[in-house]
Structure formats: C-alpha cells, structure tokens
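Each remark here refers to the structure printed beneath this line.
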Amino acid sequence: MSVVLVINSGSSSLKYSLVDVEREAELAGGLIERIGQQSGTVSHTVRVVARPGETVPAMLDVRHSDERPIADHGEAFDVMLQQFAAHGPDLAGHPPVAVGHRVVHGGARFFEPTPITPLVEINIDELSVLAPLHNPANLAGIRAAKAAFADVPHVAVFDTAFHQTLPPAAYTYAIDAEVARNHRIRRYGFHGTSHKYVSEAAAAFVGRPLDGLRQIVFHLGNGASVTAVDGGRSVETSMGFTPLEGLVMGTRSGDIDAAVVFHLARRGGLGTDQLDALLNKRSGLLGLGGSNDMRDILARRDAGDETASLAYDVYIHRLRAYAGAYIAQLGGVDVISFTAGVGENAAAVRADALATLGFMGVRVDADRNAERGAGTRRISADDSSVEVLVVPTDEELEIARQTLSAI
Ligand code: AMP
C-alpha cells in the first residue's frame, strides 16, 4: 500500500489529507479550524476515486461538517480520527504507511524530505526564529500526530527546500555581510512544494525531459510567488527572507522600498507589529482594492470601479516585471505555467501577464485560455514560441510522494 496521511498544521487549524500515492488520488481530506477557540469547525470530505483514465465530478464527493469546541492540536487529532471512523475510509483497516508534515521553514539546513527524529524536532523548533507564526504551529501538529500515529514514520517536507538550489547571487541580499550572517538573513523562498510539483508536471505534459528545460512557474493564490526553474532546479524565486517579498498578493504588499518602513516608524508612529500587520495583512489587493479576492477585483473592475482597476493594474504590472526579469536570468524560456487559485481560474490575469511578450513569440490562445477544465492544459497558440500551461497544483500529493521517498 502507498497510502500517506498528509498534515498541514496551522496555529489554530489542522488540514489533513489521506493520499493514495500509487493512484495519485486523495481518498479523503478535511479541515479543522478555530482550535483553542470557543467553538471549532470540522469538515471531512470522502472522495470518489476515479479509475485510471477516468475523471469523476467533484460533486460526487461526500462532505460532512460539524461544530464543537476543540481545545488543542491533540484533541484535533482525536476529532480527525473520529471523522475517519464515522465517515470513512476505515483507517484501522488500511492504516497509512507514513505521515507527511508540511513544515514552512527549513532554513538553510533542510533541502530534502526528512524523517522526523527528536533532533529534527529541535531543529524545526529552533527555526521558529525565522518563521515565528508557522514553525511552532507545524511542530504542534507533528507532536500531536506522533502521539496519534506512534507506529509509523513521520516525515517533514519543507516549503523552502526546493529553493535550496538558488545560487548565492540569487539568495544574497546586498546588506552588511556580517549582519546578514549573524541573523541568517538571506532569501529562502517559499511555496517550494508547489513549484516543484508544477514544474515536473509541466515537463511531463509537454513531453520533454526536465533537464535543459527553462521554466517560469507563477503560483498565484492568496499568497503568490514566481520561480525560475532551470533543468528542474529553482534558480530564482520572488519570495525572500519571508513570504512578504515579491509579487502583489491578496493581503501582502510584495516588493516595497524598505525605507517606507523607516518612514512610517519615524513619521507615522507605527510600531513593529503594526508595520508587520500593515504589510502582511492589510496590503496587496486588499489594501489597494478593498478585497483580497481576485474575483471581486475583476467583477468591480469590469463594472468601472477605479480602485479595483488600479489594484488589478498594479498586480499585472508586477507580474510582467518578474516575467521579464526571469526570462533574462534564464536566458530565455521554454514553458510558462500558472497555478493556484488565481493562476488556475483567472483567464484575464494569465492573458494580461504575458500580453507584452508577443515580441518574442509568446502567444496565448484566447479560446483555450477562456476554456475551463480540470487537469493540466495548454493555453498557448500552436505557433507560440513558448508553451504556456495551466497546471493545477497538488501540494498534498507532492508531500505524500516525498514522504514515501524518504522512508
Ligand atoms: P489559493 O490561495 O490558491 O487557495 O487561492 C485563493 C484565491 O484564488 C482567492 O482569494 C481568489 O482571489 C482566487 N480565486 C479563486 N477562484 C477564482 C476565480 N474563479 N477567478 C479569479 N480568482 C479566483
């Protein structure tokens, strides 16, 4: 059997997915939210799994929801086990062979999926300095999962790992080298699991070996990043020391002159936490256009709303700037892929992001781009010099695969 339980543990949430790696299928998945609050929510979905070559409409999946107080991550695992017992699939009959954990920050230490020993737990804990919101929550999930599944290996899959191949010129910030060394300040990059999955799926789709293929992957979700992938290796990515850098996101500013922060501290009287919240939680599409949801921005822009229009234009302007920069870094490009909520669904964003690359023969086909569909699909015209694809990301499957590879 090749069934892996994938865990993504947040500070007040637990996302889980039971994945059959051999069949590349999620058997069931769920989300437990508002852990530690007065009332928590539970949703558990049992999937109808397709036979090879078949696609099954998502509406056949069966979703169960519930509300109840959930004190901590330990109790959240009990709730998860109850969901499997009550609604299936039967975990006792088909126990997962391993548990894979999404861990946000692996620092410069972890560059591959890693079986979780007590020492690895200490390292993940120590890396909380670099990811104070994420690593402690990931670790709480690991500890609770180890108690609930004591007899199987647990593996950490790091969001930063895929970017450990960045060359020094790409990951080094041009600041005082000793300060940077003392505080471990460099670009780490995030969304690595998604960028790896999508770049491999794209190469398979176009039927060319990863080796020698120059790719750009736009992961455009609520968080957003773009990666240049050369021969299967990440060589440049837009998120940096934290996920704040780079593209305009749902609520994050992306790139900004660091002196704005000094100015707002000196003149605006904002403290560190307020500045952090401003740039991470109240900027991006939300700050400019009043909503972090691209659907709202597009609808309001189409209705003539000027603030939504400006938010959209700033978003696209940044995508174009990064596309150009990464084509220059790669010395050309063979495949450009779009993934995640915006990238998979917003045809206008895809077309506008690449609209100025006609001079180098990049052509998005309007009909193919407008068509909706499941699975990887080509949206470039037949005479395009570059393959342009939509590749639905599947971080759970990628974590499950990497977990199996590590045990
Ligand atoms: P993710 O973080 O990958 O789940 O992406 C979530 C974001 O995708 C949402 O906040 C929306 O902005 C965007 N999104 C989802 N569906 C659509 C759609 N049909 N059109 C445009 N944007 C969408």
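Laid out as a table, the results:
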{"read-out": "Output for segment 301-315, where each listed residue is over 13 Å from Thr251 (Cβ atoms), within 13 Å of the ligand (Cβ to nearest atom) and hydroxyl-bearing (Ser, Thr, Tyr)", "value": "Tyr312"}
{"read-out": "Residues being more than 12 Å from the ligand (Cβ to nearest atom) and hydroxyl-bearing (Ser, Thr, Tyr) - total across segment 268-300", "value": "2"}
{"read-out": "Output for segment 319-354, where each listed residue is more than 12 Å from the ligand (Cβ to nearest atom) and open to solvent by 50 Å² or more (accessible area, probe 1.4 Å)", "value": "Arg320, Ala321, Ala328, Gln329, Gly331"}
{"read-out": "Any chance Gly254 is in contact with a strand residue (DSSP E or B) (Cβ under 9 Å, 6 or more places away or on another chain), assigned to a loop (DSSP other than H, G, I, E, B) and under 25 Å from Ala131 (Cβ atoms)", "value": "yes"}
{"read-out": "Unique residue being farther than 18 Å from Gly29 by Cβ and touching a helix residue (DSSP H, G or I) at 6+ places or on another chain (Cβ under 7 Å) when the list is Asp151, Asp159", "value": "Asp159"}
{"read-out": "Every pair of residues 6+ apart whose Cβ atoms lie under 6 Å, when the first sits in segment 181-210 and is in a loop (DSSP other than H, G, I, E, B) while the second is of a type in the set (D, E, K, R)", "value": "Phe190/Asp159"}
{"read-out": "All positions within segment 87-110 that are open to solvent by 20 Å² or more (accessible area, probe 1.4 Å), modelled with pLDDT of 95 or more and under 19 Å from Asn8 (Cα atoms)", "value": "Val97, Arg102"}
{"read-out": "Residue in segment 273-287 that is part of a loop (DSSP other than H, G, I, E, B), surrounded by 15 or more Cβ atoms within 10 Å (Cβ to Cβ) and touching a residue at least 24 places away in the same chain (Cβ under 8 Å) present", "value": "yes"}
{"read-out": "All strands (runs of 3 or more DSSP E) inside segment 1-110 with 2 or more residues being touching a strand residue (DSSP E or B) at 6+ places or on another chain (Cβ under 7 Å) and closer than 20 Å to Val152 by Cβ", "value": "3-9, 14-20, 25-33, 98-103"}
{"read-out": "Segment 194-221, residues that are β-branched (Val, Ile, Thr) and open to solvent by 20 Å² or more (accessible area, probe 1.4 Å)", "value": "Val206"}
{"read-out": "Residue match in segment 241-251 (condition: of a type in the set (Val, Ile, Thr), open to solvent by 20 Å² or more (accessible area, probe 1.4 Å), in a loop (DSSP other than H, G, I, E, B) and more than 23 Å from Val333 (Cα to Cα))", "value": "yes"}
{"read-out": "Hits in segment 196-221 (condition: within 14 Å of the ligand (Cβ to nearest atom) and under 17 Å from Ile327 (Cβ atoms))", "value": "Val217, Phe218"}
{"read-out": "Qualifying position, being more than 15 Å from the ligand (Cβ to nearest atom), at pLDDT 95 or above, among the small types (Gly, Ala, Ser) and crowded, with 24+ Cβ neighbours inside 10 Å, among Ala265, Ala258, Ala228, Ala224", "value": "Ala228"}
{"read-out": "Meets criteria (surrounded by 13 or more Cβ atoms within 10 Å (Cβ to Cβ) and not in a strand (DSSP E or B)) for Glu126", "value": "no"}
{"read-out": "Residue within segment 181-193 that is within 18 Å of Gly107 (Cα to Cα), away from the ligand (no atom under 16 Å from the Cβ) and among the aromatic types (Phe, Trp, Tyr) present", "value": "yes"}
{"read-out": "Pairs with Cβ under 6 Å, 6+ apart, first in segment 333-362 and in contact (Cβ under 8 Å) with a residue 12 or more places away in the chain, second open to solvent by 30 Å² or more (accessible area, probe 1.4 Å) and within 16 Å of the ligand (Cβ to nearest atom)", "value": "Thr339/Thr393; Ala340/Thr393; Glu344/Pro392; Ala347/Ala370"}
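The values are calculated or read from the model by the stated rules, or taken from the named source; none is laboratory data. Predicted model, so just to flag it, every value in this text is computed and none were measured. A quick note on method: Cβ atoms are made from the backbone with ideal geometry, for glycine too, and the neighbour counts reach across all protein chains shown. Just so you know, the surface numbers come from the protein's heavy atoms only, side chains and all, with ligands and any DNA or RNA stripped out. Shrake-Rupley method; radii C 1.70, N 1.55, O 1.52, S 1.80 Å.
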